Amino acid sequence: MSVDTADAARQGAGAAHEAAKRRTFAVISHPDAGKSTLTEALALHSEAISSAGAVHGKGDRRGVTSDWMAMEQDRGISITSAALRIDYEGRVLNLLDTPGHADFSEDTYRVLSAVDCAIMLLDSAKGLEPQTLKLFEVCRARRMPVITFVNKWDRPGREPLELLDEIEQRIGLRPTPLNWPVGIAGDFRGLIDRRSEGQYTKLTRTPGGARKALEEPMSAEEAAGIEQDAWTQAQEEIELLEALGADFDTESFLAGESSPVLFGAALSNFGVGQLLEAVVNLAPAPAAKEDVRGEPRPVEEPFSGQVFKMQANMDKNHRDRMAFVRVSSGRFERGMVLTHAETGRPFATKYTQAVFGSDRSTIGEAFPGDVIALVNAHALSVGDTLYDGPKVSFPPIPSFAPEHFVVARAVDAGKYKQFQRGIAQLDAEGVVQVLTSDVRGEQAPVLAAVGPLQFDVVRHRMAEEFRSPIDASALEYSVARRTDEGSAAGLHALSGAEVLRRRSDGELLVLVNNKWRLRVIERDHPGLFMEALLAGGVDENA
């Protein structure tokens, strides 16, 4: 074996060893289910931060670290994604926080392409909500393992068995509770660990919920004497679960067929430690990723990674453009010169950071499962591949079904160059999808978004960052489908429909007034090709 071959073998073994230590996951939920609060609580329990925040800080409780843009702080919502590295019990946890507001869900969809597991966060009173259903469909399409966390058990809510039944009936995911609450929702006493011979942990809330909850382990005999009727009810429910065979099964969990369920309250820091342990012990480590030819790139191969998010900061103190890259294989070292698969050109990695909200730190090395932010990445776009060694190109990240459309025009015709540059950059970042046609021309592109608040971000950034305010006129379309050249002319000739080309990948999309008009077109013109986009066929009222 040559020296170079031996060195490559050692590096590959090192990358595989480091990959086995990593867990990369995201939290998916409906707005207001407590996602950003849970992110902070997980960081608190792992000692990554010393004090947890709330979306709206009160008293000595500050706002969440991951929400840092002015629009986020003003509105109390998450717009951007944040990546947090947590070192915990010999593992490296990469938590990708995502926007909770439905209008920014396309960013969440992209983040799901960069993780190996998801935490599905449910409100104890509301259960499965429309946005959660949409995000779960993306997880299902990727056969992604899902851990369920029933949040807000310290507030009035539904019966735990009713929530489990809803999960199984509505999304076909078999729930397998790992712990069980003592006390109904709103009267949270503690948790029974189903896998540790029923060990009970009594929970005591800390003032303000900014510190870890006090946890007191006790025997079943002690718990029965203290909790009395609440303990008896919990034991009866657990007996029913055992009779139904609702026990955790590794194989079905990893196949995306069952979901371990935990109960807790993120705001009060109840049950968050148990969730952290579940991620460490159950979530899968990074594995080989398939390239565009369907061939896996093993984690021990030389470096490769894919851009899943672009971010040009809205904070006036930051003018750089970052590319968030999920490492798929090999070892990354700051300063490496990689190859940009889309252009074949070299890409230097002089400035590399870890980013969580407004907090930044320099990254010297990274391994499969890690997320790195490449600074001043003007040559990169969402979905691009970077690699070292043997050439590889990963499949593009799917675009998702937009439901809102506007025509954008520069308010000041003298700033058309700034207008073009701004629209092109927002398209590359995935802030909106940009659609064009010969009829409308480049001076009046159609902006397509999952939610209307995305257009507020566009207006803000075009005015503040690119100095080219825009006028955005709404179009009367609410449905988009993929089509082809053979069907384009026929569709364009129909009333209530228009065909445009997506600038980022050249795909043809047909926009239709509404779902009823779509059904009429499908019925009367069955030969015309119209294919649903990912997350575009989910009935939100289901």
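The values are calculated or read from the model by the stated rules, or taken from the named source; none is laboratory data. The model shown is predicted, which means the values in this text are computed figures rather than measured ones. Here the Cβ is made from the backbone with ideal geometry for all residues, glycine too, and neighbour counts use every protein chain on show. Only protein heavy atoms, including side chains, enter the accessible area calculation; ligands, DNA and RNA are left aside. Shrake-Rupley method; radii C 1.70, N 1.55, O 1.52, S 1.80 Å.
Looking only at region 386-414, residues that are assigned to a loop (DSSP other than H, G, I, E, B), at pLDDT 95 or above and surrounded by 23 or more Cβ atoms within 10 Å (Cβ to Cβ) come to 2 in all. Note on region 1-90: enclosed helices (runs of 4 or more DSSP H) holding 2 or more residues that are at pLDDT below 70 are 3-20, 70-75. Scanning region 428-450 for residues that are farther than 18 Å from residue 403 by Cβ and open to solvent by less than 30 Å² (accessible area, probe 1.4 Å) yields 428, 429, 436, 437, 441, 444.
Results for (1) at pLDDT 95 or above; (2) touching a Ser or Thr at 6+ places or on another chain (Cβ under 9 Å); (3) assigned to a strand (DSSP E or B), shown as yes or no for each residue.
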{"residue": "192", "(1), (2), (3)": "yes, yes, yes"}
{"residue": "196", "(1), (2), (3)": "no, no, no"}
{"residue": "224", "(1), (2), (3)": "no, yes, no"}
{"residue": "237", "(1), (2), (3)": "yes, no, no"}
{"residue": "252", "(1), (2), (3)": "yes, yes, no"}
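Limited to region 503-512, what total is found for residues that are at pLDDT below 95 and not acidic (Asp, Glu)?
Of all residues in region 503-512, those at pLDDT below 95 come to 503-507.
The next check asks that each one be not acidic (Asp, Glu); those that pass are 503-504, 506.
Of the residues in that region, 3 qualify.
Only residues that are among the basic types (Lys, Arg), open to solvent by less than 30 Å² (accessible area, probe 1.4 Å) and either in a helix (DSSP H, G or I) or farther than 24 Å from residue 431 by Cα (or both) were counted in region 451-502, giving 1.
Of all the criteria given as (1) open to solvent by 80 Å² or more (accessible area, probe 1.4 Å); (2) within 21 Å of residue 187 (Cα to Cα); (3) modelled with pLDDT under 95, the one not satisfied by residue 273 is (1).
Would you confirm, using the coordinates I've provided, whether residue 364 is touching an Asp or Glu at 6+ places or on another chain (Cβ under 8 Å) and either farther than 27 Å from residue 86 by Cβ or hydrophobic (A, V, I, L, M, F, W, C) (or both)?
On the way: touching an Asp or Glu at 6+ places or on another chain (Cβ under 8 Å): yes; either farther than 27 Å from residue 86 by Cβ or hydrophobic (A, V, I, L, M, F, W, C) (or both): no.
The answer is no for residue 364.
Looking for whichever is without any contact (Cβ under 8 Å) to a residue 40 or more places away in the chain and of a type in the set (Asp, Glu) here; the options are 485, 429, 465. Which one fits?
When all the criteria are applied, what remains is 485.
Cβ separations smaller than 9 Å between residues 6+ apart or across chains give the following pairs from region 524-542 residues that are modelled with pLDDT of 90 or more to residues that are surrounded by fewer than 16 Cβ atoms within 10 Å (Cβ to Cβ) and in a helix (DSSP H, G or I): 528/486; 528/522; 529/486; 530/522.
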